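Just below is one structure, and these are the notes that go with it.
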Amino acid sequence: MTALESPVEIKSNSGKLGVLMPGLGAVSTTFIAGALAIKAGASSPIGSFTQMGTIRLGKRNENREVSVNDFVPLAKVDDLVFGGWDIFEDDCYEAAIKAGVLDKELLDQIKPELSSIKPMKAVFDKNFVKKLDGTYIKSVKGHRNSIEALRQDIREFKKTNNLDRAVMIWCGSTEVYQDPSDPIYNSLDKFEEALDSDSPLIAPSVLYAYSAIMEGVSYANGAPNLSVDFPALYELSIREKIPIAGKDFKTGQTLMKTILAPGFKARRIGIDGWFSTNILGNRDGEVLDDPESFKTKEVSKLGVLEQILEPEKYPELYGDLYHKVRINYYPPRGDNKEGWDNIDIKGWLGYPMQIKVDFLCRDSILAAPIVLDLALFLDLAQRAGMYGIQEWLSFYFKSPMCKPDLYPIHDLFSQKAKLENTLRHLMGETIITHLGLDYYYEEE
Ligand SMILES: NC(=O)c1ccc[n+]([C@@H]2O[C@H](COP(=O)([O-])OP(=O)(O)OC[C@H]3O[C@@H](n4cnc5c(N)ncnc54)[C@H](O)[C@@H]3O)[C@@H](O)[C@H]2O)c1
């Protein structure tokens with residue numbers, strides 16, 4: 001692989017872009033309904049960097065600050081076409097009503113479009129999502145047949161909607177924990193053999209990811225399950241020249257962690273304990289009530305502090321950190337989660353202090369703009385000839401994927417700098433390092 005020369009030649013953004021989502025639940029219907037409301041001028045895209053962000057170009061005294069949308073040739077929200085799969089037959093209007101995130105009044109304004117988006121039958125295996133009993137499932141048997149059926153769905157969706165381009169974003173339930181060190185994940189050859197022999201280790205989300213890549217559709221994983229995050233599929237994405245990204249949308253409590261922890265670390269404030277607990281009552285909460293699905297989420301959530309704080313480098317500050325994460329299913333709250341954090345910090349001479357965060361959060365409201373940005377940036381990446389893991393999109397993920405010989409960057413502000421510099425590089429603008437040494441010297 002050769003490094004991309006700046007500026008990069010980017011193919012045209014004209015025409016429609018398909019956004020395919022396995023899982024038409026709370027997050028995806030909130031995203032679709034939001035995008036339709038924005039199209040109709042009934043709402044605004046708060047939380048979306050692609051729609052509301054600006055980016056500084058050149059030196060500060062040049063006063064060049066442009067909107068992201070004007071700077072890079074992204075697909076327009078008006079040009080998005082939505083589709084997906086679910087294990088329940090509800091159309092997007094019914095699913096959005098059941099998810100209970102958005103007001104019925106808003107949903108009714110866009111009811112005809114929402115109702116017209118009906119799921120395709122899912123590839124599902126209850127062994128991977130123990131709490132759900134799907135009723136709208138493909139009858140094909142075996143991994144290869146499931147892949148062929150999904151590929152057929154993708155081709156059909158593109159043909160019916162007259163699309164040249166599509167992206168896929170996993171918005172399905174969190175699957176039970178899979179050990180990524182199992183040999184079937186290590187190389188494409190071993191993985192293909194496991195597909196041929198219908199290995200019971202291969203989860204449905206992996207079959208969707210494989211199908212997307214083989215159909216030339218870039219893929220992002222919004223959940224913490226493996227899906228596309230293992231060497232065999234990295235290899236496939238490079239071979240097929242398809243961008244992939246993941247994993248687990250960075251919303252709620254982990255978003256707060258990746259904002260707060262880098263601040264403590266920067267000021268060398270010690271942390272002895274970080275206890276995080278949540279109550280939530282949506283379908284995601286119900287799925288996470290199963291210990292095996294929770295384990296997948298727990299691994300994704302726990303890695304964050306370890307990586308940001310580097311206790312091995314700073315044993316005195318973070319060596320004894322006790323980090324605990326709990327999620328409790330509590331139906332009365334629906335999608336309106338509450339997350340509490342108790343942070344035991346220590347300052348000068350080891351004196352202890354405490355910080356309490358009580359985040360009355362709406363998970364899907366925070367996740368929906370991430371789906372939009374990922375769809376637009378993945379499409380941009382593909383048109384710019386970028387492929388394999390898109391680490392510059394780490395900004396959006398709790399467990400950022402990166403090359404196996406690197407460690408992930410969790411700090412939200414480092415992630416943002418990387419994202420912005422990637423856009424500058426694509427467009428042939430100077431990378432901003434914030435060095436500004438010339439400020440201290442008079443010009444000759
Ligand atoms: N809401 C957030 O802020 C947030 C943040 C990070 C990650 N996530 C992850 O995003 C995913 C979606 O979250 P949600 O709140 O929309 O959950 P949800 O339960 O409302 O929606 C998930 C949907 O996926 C469907 N599904 C399950 N297995 C499927 C399969 N094999 N094929 C097709 N559909 C399938 C379910 O029927 C359900 O409708 C979850 O994995 C969740 O952990 C959500």
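Throughout, read-outs are computed from the coordinates displayed, never taken from laboratory work. This one's a predicted model, so the numbers in the text were calculated from it and none came from an experiment. Here the Cβ positions follow ideal geometry from the backbone for every residue, glycine too, while neighbour counts run over all protein chains shown.
Rounded to the nearest 20 debye, what is the charge dipole size of region 252-360 about its Cα centre when +1 sits on each Lys and Arg Cβ and -1 on each Asp and Glu Cβ? Don't skip to the answer; put the middle values down first.
On the way: 15 positive and 17 negative charges, 70 e Å.
Dipole size: approximately 340 debye.
Obtain the nm distance between the two label points defined at Y407 and K39 by a simple spin-label model: each point lies 7 Å from its Cα along the Cα-to-C-beta direction.
4.5
Which whole-number percentage describes the relative contact order of the chain, with Cα contacts under 8 Å and a sequence gap of 6 or more? Before the final figure, lay out the partial values.
Values: 863 pairs, mean separation 89.1, N = 444.
Computed over the chain, the figure is 20 percent.
Considering the alpha-carbon set of region 260-323 alone, what are its Rg and its Dmax in angstrom?
That works out to 14.3, 41 Å for Rg and Dmax.
With a point put 7 Å past each Cα toward its Cβ, work out how far A3 is from Y441 in nm, to one decimal.
The two pseudo-label positions are separated by 2.3 nm.
Can you sort V176, V371 from fewest to most other Cβ atoms within 10 Å of each residue's own Cβ? Don't skip to the answer; put the middle values down first.
Values: V176 18, V371 26.
Listing V176, V371 from fewest to most nearby Cβ atoms yields V176, V371.
One-quarter of the Cα convex hull surface for the chain, in nm²?
Reported value for the Cα convex hull: 23.3 nm².
When the helices in the chain are scored as -39500 (n - 2.57) per DSSP H run of 4 or longer and the sum is shared across all residues, what 222 nm value do you end up with, to the nearest 500 deg cm²/dmol? Please report the intermediate quantities before stating the final value.
Working: 16 runs with 168 residues, N = 444.
One gets -11500 deg cm²/dmol as the mean residue ellipticity at 222 nm.
Going down the list K11/K76; K250/K301; K398/K418; K39/K118, which pairs span over 18 Å between their C-alpha atoms?
On the way: K11/K76 15 Å; K250/K301 10 Å; K398/K418 16 Å; K39/K118 20 Å.
Beyond 18 Å: K39/K118.
Compute the FRET efficiency between T54 and S116 as 1/(1 + (r/R0)^6), taking r as their Cβ-Cβ distance and R0 = 30 Å, and round to the nearest 0.05. Don't skip to the answer; put the middle values down first.
On the way: r = 35 Å, r/R0 = 1.16.
Efficiency at R0 = 30 Å is approximately 0.30.
Taking 0.36 nm per intervening residue step and subtracting the Cα-Cα distance, what contour gain separates V299 from K324 on full extension? Don't skip to the end; give the middle numbers.
On the way: separation 25, 0.36 × 25 = 9.00 nm, distance 1.10 nm.
This chain segment gains 7.9 nm when fully extended.
Semi-axes, largest first, in whole Å: what does sqrt of 5 times each Cα gyration tensor eigenvalue give for region 252-360? All intermediate terms of the calculation are to be shown ahead of the outcome.
On the way: eigenvalues 156, 42, 21 Å².
Taking √(5λ) for each Cα gyration eigenvalue gives 28, 14, 10 Å.
For the chain, what is the charge dipole size about the Cα centre, in debye to the nearest 20, if Lys and Arg each add +1 at the Cβ and Asp and Glu each add -1 at the Cβ? Could you put the intermediate results ahead of the total?
On the way: 51 positive and 64 negative charges, 102 e Å.
Here the size comes out at about 500 debye.
Output the Cα-based Rg and Dmax of region 309-352 in Å, rounding Rg to one decimal and Dmax to a whole number.
That works out to 15.7, 45 Å for Rg and Dmax.
Kindly rank 46-54, 179-187 from highest to lowest mean number of other beta carbons found within 10 Å of each residue.
With the highest mean Cβ count within 10 Å placed first, the list reads 46-54, 179-187.
Straight-line reach from K190: which aspartates and glutamates have a Cα under 18 Å away, not including same-chain ones fewer than 8 places off?
D179, D182, D198, D229, E235, E240
Given the Cα atoms of region 376-444, and with Rh set as the inverse mean 1/r over their pairs in the Kirkwood sense, what is Rg to Rh to two decimals? List each step's numbers first, then the result.
Values: Rg = 15.1 Å, Rh = 13.9 Å.
Ratio value, two decimals: 1.09.
If the chain between R144 and L106 were fully stretched, how many nm would it gain, using 0.36 nm times the residue separation less the Cα-Cα distance?
Values: separation 38, 0.36 × 38 = 13.68 nm, distance 4.14 nm.
This chain segment gains 9.5 nm when fully extended.
Pairs of alpha-carbon atoms within less than 8 angstrom and 6+ residues apart define the contacts here; what relative contact order does region 63-192 have, in percent? Kindly include the intermediate steps, with their values, before the conclusion.
On the way: 94 pairs, mean separation 28.8, N = 130.
Here the relative contact order equals 22 percent.
Can you figure out the FRET efficiency of I431 with N162, using R₀ = 45 Å and their beta-carbon distance, to the nearest 0.05? Write down the numbers at each step before the final one.
On the way: r = 39 Å, r/R0 = 0.86.
About 0.70, to the nearest 0.05.
Give me I431, I169, I137 ranked fewest to most by other Cβ atoms within 10 Å of their Cβ, as a rough exposure proxy. Each step should come with its number before you reach the end.
Numbers: I431 11, I169 29, I137 18.
Ordered by Cβ neighbours within 10 Å, fewest first: I431, I137, I169.
Quick check: the distance between the Cα centres of region 308-348 and region 156-200, to the nearest angstrom?
32
Mind checking which lysines have their C-alpha under 16 Å from K356, skipping anything on the same chain fewer than 8 residues away?
K257, K324, K346
Taking the Cβ-Cβ separation of I259 and S12 as r and a Förster radius of 45 Å, what is the calculated FRET efficiency to the nearest 0.05?
Numbers: r = 37 Å, r/R0 = 0.81.
So the FRET efficiency works out to roughly 0.75.
Between S181 and N127, what length in nm is gained on full extension when 0.36 nm per residue of separation is reduced by their alpha carbon distance? Spell out each step's value before the answer.
Working: separation 54, 0.36 × 54 = 19.44 nm, distance 1.97 nm.
Full-extension gain reported as 17.5 nm.
Would you order E193, E420, E9 from fewest to most other beta-carbon atoms within 10 Å of each residue's own beta-carbon?
Numbers: E193 13, E420 22, E9 10.
So the ranking, lowest neighbour count to highest, is E9, E193, E420.
On a C-alpha basis, how far is the centre of region 62-121 from the centre of region 392-430 in Å? Whole number, if you could?
That distance is 26 Å.
I need the semi-axes of the equivalent ellipsoid of region 113-193: take the C-alpha gyration tensor, multiply each eigenvalue by 5, square-root it, list largest first in whole angstrom. The partial results should precede the final answer.
Numbers: eigenvalues 134, 69, 34 Å².
Three semi-axes, in Å: 26, 19, 13.
What nm value, rounded to one decimal, do you get for the distance between D272 and N61 when each label is placed 7 Å out toward the C-beta?
Spacing of the two 7 Å Cα→Cβ label points: 5.1 nm.
Per the Kirkwood formula on distinct C-alpha pairs, the Rh of region 1-95 is how many angstrom?
Details: mean 1/r = 0.0622 Å⁻¹.
Over region 1-95, the inverse of the mean reciprocal pair distance is 16.1 Å.
Using Cα pairs closer than 8 Å and at least 6 residues apart in sequence, work out the relative contact order for region 203-257, in percent.
Computed value for region 203-257: 37 percent relative contact order.
Which order do the peptides 257-265, 79-87, 310-318, 344-352 come out in when sorted by mean C-beta neighbours inside 10 angstrom, highest first? Intermediate values should be presented prior to the final figure.
On the way: 257-265: 19.1, 79-87: 23.1, 310-318: 14.0, 344-352: 11.2.
The packing order, highest mean first, is 79-87, 257-265, 310-318, 344-352.
Sorted by mean Cβ packing within 10 Å, highest first, what order do the peptides 405-412, 57-64, 333-340 take? Walk me through the intermediate numbers first.
On the way: 405-412: 15.8, 57-64: 11.8, 333-340: 19.0.
Highest to lowest by the protection proxy: 333-340, 405-412, 57-64.
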